[in-house]
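Notes follow once the structure below has been shown.
The values are calculated or read from the model by the stated rules, or taken from the named source; none is laboratory data. Source: prediction; values computed, not measured. Reconstructed Cβ throughout: ideal geometry from the backbone, glycine too, with neighbour counts over all protein chains shown. Keep in mind that these areas ignore ligands, DNA and RNA; they rest on the heavy atoms of the full protein, side chains included. Shrake-Rupley method; radii C 1.70, N 1.55, O 1.52, S 1.80 Å.
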Amino acid sequence: GLQFVLTAWIQSMGTAIENQRMYDASKELRELREKYNRDALTGIGNRREAERVMGEYQKRLITTGKLFCIVSLDMDGLKIINDKYGHLEGDEALCVVAKILDEAVGTKGTAARIGGDEYLLCLDVDTDAKVREIIANVRQKIADFNATGQKPWDLDVSVGYAFCRKGSTVMFTMQQADKN
């Protein structure tokens, strides 16, 4: 009887250990996937994340016809900040812009840094008014930051946007947003 109890106990311990090992591996994979889609400096989405989100929106556009918006933003004056105050300050400026964009987008889409001083907002909105409201929010948050005077430099961004419509590609819409 005791041998049977011990064997059953050892088997259940083995199963518990294997389940824990699988849970840990799965958690590590989730964390890796999260890092893979994040910009290392700013913590917001990166180009891969923006492409993933736009792909989801594109599929929905094809099936339901619901438009989405791509906003292209370039941070102005990064080179001047880097040259005058150093790259650590430039990095901080990039992070402040990223935080502002992430807050302004909220639950209406995704903010991503797609390279250097370039950002992209993938917005799950389908009217000019909603897009303009988010852009106005970004501009207000930048003005509020600049007004604090906590840094010797000011932030500014150039902004353009375009709606992705049925029959259009994400790439074409990104180019339109960049031109605008």
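For K84, the aspartates and glutamates whose Cα comes closer than 17 Å to its Cα, not counting residues fewer than 8 places off in the same chain, are D76, E92, D117, D154, D156.
Could you sort W153, W9 by their accessible area in this structure, using a 1.4 Å probe and putting the largest first?
W9, W153
At q = 0.11, 0.20, 0.25 Å⁻¹, what log₁₀ I(q)/I(0) does a Debye calculation on the Cα points of the stretch 97-180 give, no solvent, two decimals? The Debye formula, applied to the Cα set alone, gives -0.32, -0.97, -1.40. Where the centre of each part is set by its Cα atoms, how far does the stretch 91-106 sit from the stretch 1-79, in angstrom? Here the answer is 22 Å between Cα centres.
Would you mind counting up the charge near D74? Only other residues with Cβ under 13 Å from its Cβ, with Lys and Arg at +1 and Asp and Glu at -1.
Numbers: positive: K79, R113, K179; negative: D76, D117, E118, D156, D178.
Summing Lys and Arg as +1 and Asp and Glu as -1 gives -2.
If you sort K179, K151 by accessible surface, 1.4 Å probe, largest first, the order is K179, K151. Within the straight-line cut-off of under 19 Å between alpha carbons, the lysines reachable from K27 are K35, sequence neighbours fewer than 8 places apart in one chain being disregarded. Taking Lys and Arg as +1 and Asp and Glu as -1, the other residues whose beta-carbon sits under 12 Å from that of S158 total -4.
Summing +1 for each Lys or Arg and -1 for each Asp or Glu, what net charge is found among the other residues whose Cβ lies under 14 Å from the Cβ of M171?
On the way: positive: R47, R165, K179; negative: E51, D178.
Once positives and negatives cancel, what remains is +1.
Taking only alpha carbon atoms, the chain gives an Rg to Rh ratio of 1.22, where Rh is the Kirkwood radius. Could you give the angle, 0 to 90 degrees to the nearest 10, between helix 87-105's Cα long axis and the longest principal axis of the Cα atoms of the chain? Orientation of helix 87-105: about 80 degrees from the principal axis. Modelling each spin label as a point 7 Å along the Cα-to-Cβ direction, I'd like the L29/E118 distance in nm, to one decimal. Result for the modelled spin labels: 3.3 nm. The angle between the Cα long axis of helix 128-148 and the main principal axis of the chain comes to about 90°, on a 0 to 90 degree scale.
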